[in-house]
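This is the structure I want to talk about, given as structure tokens.
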Amino acid sequence: MTYQKKKCWSILLRLYHWAFALSIVTLCITGFYIHGPWTNSMTEGSAGFPMAYARLIHFVAGYVFTSAVLARIFLYIFGNKQERILEHLPVTPRNIKNLFSTLLRYIYITDGHDTDRLGHNILAGMTYLIIIIAALFQLVSGFYLLYPEMAIWEGYGLAIFGSQQAARYIHHLIMWLFMIFAFIHVYLVIWNDVREPEGLVSSIFTGVKFTHKA
Ligand code: HEM
Ligand code: HEM
């Protein structure tokens, strides 16, 4: 069988993916430290300042994360065909069909793969949109915690979350959503790559997928 290379992901999408993924790993580690510091007073404030560093790294990663989310929103509107929002949602008969065939495939009932679709399957696309929406809540709660008295963040924070403590709790819960997503995501990406010869994992580095040559 012969294959052809097809350009799928723009450089901005790939940069966003890795900025998003790496910042989330950093934010989870530093977030855990901020939540429950595992050093003691022999270290903190005398031999070093682990909490100050953890918070600094958290905020720097928070800005990277925010930039990545903004880049993704830009691509939902101005990206290539695979990157635009309507290509991710069950809004056309073709996409609805893809959603059901993906579900059946993931529970091992059928083996069919939608070969004329270059971008995400619809189940993946919908999940990614939910993650981006969760990311918006995460960054608004984060900036509310960071700048509680700045008019804009205080306004949004109070309107969406209420007290700072409620925002902190939701910020924490969304962290778990990201961690659970990341494990399932990496599993499914590898699972798909094993079953189909399109080179899914490398596509998020190279931007290229392989399709059957007609
Ligand atoms: C995936 C993204 C993120 C994750 C997983 C995450 C995780 C966490 C966690 C677990 C905490 C500790 C809260 C607790 O006590 O339970 C925290 C605190 C905090 N986060 Fe995030 N965070 C993320 C994004 C952000 C962003 C975008 C900002 C904005 C700059 C931000 C700002 C803060 C602030 C200001 C605190 C409170 C620090 C303190 O109390 O000293 N976070 N984060
Ligand atoms: C070793 C780690 C990872 C690999 C190999 C990987 C690989 C991939 C691949 C191949 C895709 C495209 C899949 C498709 O067509 O459906 C993708 C998309 C995506 N990944 Fe990852 N990923 C990794 C880690 C992460 C992490 C840690 C996160 C965030 C927690 C993440 C978030 C996303 C998102 C949101 C998309 C959708 C891209 C879009 O918005 O269009 N990935 N990833």
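The values are calculated or read from the model by the stated rules, or taken from the named source; none is laboratory data. Computed from a predicted structure; not experimentally measured. Reconstructed Cβ throughout: ideal geometry from the backbone, glycine too, with neighbour counts over all protein chains shown.
Can you find even one residue in segment 80-90 that is within 24 Å of ALA167 (Cβ to Cβ), part of a helix (DSSP H, G or I) and not basic (Lys, Arg)?
no
Return a yes/no flag: does segment 22-43 have any residue that is touching a Gly at 6+ places or on another chain (Cβ under 9 Å), part of a strand (DSSP E or B) and touching a residue at least 40 places away in the same chain (Cβ under 8 Å).
No, every residue in segment 22-43 fails to be touching a Gly at 6+ places or on another chain (Cβ under 9 Å), part of a strand (DSSP E or B) and touching a residue at least 40 places away in the same chain (Cβ under 8 Å).
Yes/no per residue for (1) loosely packed, with under 14 Cβ neighbours inside 10 Å; (2) among the polar types (S, T, N, Q); (3) touching a Gly at 6+ places or on another chain (Cβ under 6 Å):
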residue	(1), (2), (3)
MET1	yes, no, no
TRP18	yes, no, no
SER46	yes, yes, no
VAL64	no, no, no
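Restricting the first residue to segment 90-115 and requiring it to be hydroxyl-bearing (Ser, Thr, Tyr), which pairs with a second residue that is surrounded by fewer than 14 Cβ atoms within 10 Å (Cβ to Cβ) and outside any loop (DSSP other than H, G, I, E, B) meet a Cβ separation below 7 Å and a spacing of at least six or different chains?
Between residues of segment 90-115 that are hydroxyl-bearing (Ser, Thr, Tyr) and residues that are surrounded by fewer than 14 Cβ atoms within 10 Å (Cβ to Cβ) and outside any loop (DSSP other than H, G, I, E, B), the close pairs are THR110/LEU104; THR115/HIS212.
Here is a yes/no grid of residues against (1) over 19 Å from ALA124 (Cβ atoms); (2) aromatic (Phe, Trp, Tyr); (3) surrounded by 15 or more Cβ atoms within 10 Å (Cβ to Cβ):
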position: ARG55; (1), (2), (3): yes, no, yes
position: LEU70; (1), (2), (3): yes, no, no
position: LYS81; (1), (2), (3): no, no, no
position: ILE85; (1), (2), (3): no, no, yes
position: THR92; (1), (2), (3): no, no, no
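Taking segment 155-204 as the region of interest, how many residues are within 14 Å of VAL140 (Cβ to Cβ) and among the charged types (D, E, K, R)?
The number of residues fulfilling the criteria is 1.
Identify, from the list LEU27, LEU118, the residue that is within 13 Å of ligand 2 (Cβ to nearest atom), crowded, with 16+ Cβ neighbours inside 10 Å, aliphatic (A, V, I, L, M) and modelled with pLDDT under 95.
None of the other options fit; the residue is LEU118.
Assuming LEU145 fulfils every condition listed in (1) surrounded by 15 or more Cβ atoms within 10 Å (Cβ to Cβ); (2) within 24 Å of THR66 (Cβ to Cβ); (3) without any contact (Cβ under 8 Å) to a residue 24 or more places away in the chain apart from one, which condition is it?
Every listed condition holds for LEU145 apart from (3).
Can you tell me which of ILE152, ILE131, ILE190, ILE160 is within 14 Å of ligand 2 (Cβ to nearest atom), free of Cβ contacts under 8 Å to residues at least 60 places away in the same chain and surrounded by fewer than 17 Cβ atoms within 10 Å (Cβ to Cβ)?
ILE190 is the lone residue from the list that is within 14 Å of ligand 2 (Cβ to nearest atom), free of Cβ contacts under 8 Å to residues at least 60 places away in the same chain and surrounded by fewer than 17 Cβ atoms within 10 Å (Cβ to Cβ).
I've got another one for you. In segment 174-193, how many residues are within 9 Å of ligand 1 (Cβ to nearest atom) and out of contact with any helix residue (DSSP H, G or I) (no Cβ under 7 Å at 6 or more places or on another chain)?
1
Is there any pair with a first residue in segment 2-20 that is in contact (Cβ under 8 Å) with a residue 40 or more places away in the chain and a second that is in a helix (DSSP H, G or I) and of a type in the set (Val, Ile, Thr) whose Cβ atoms are under 6 Å apart and which are 6 or more apart or on different chains, and what are they?
HIS17/ILE204; ALA19/VAL64
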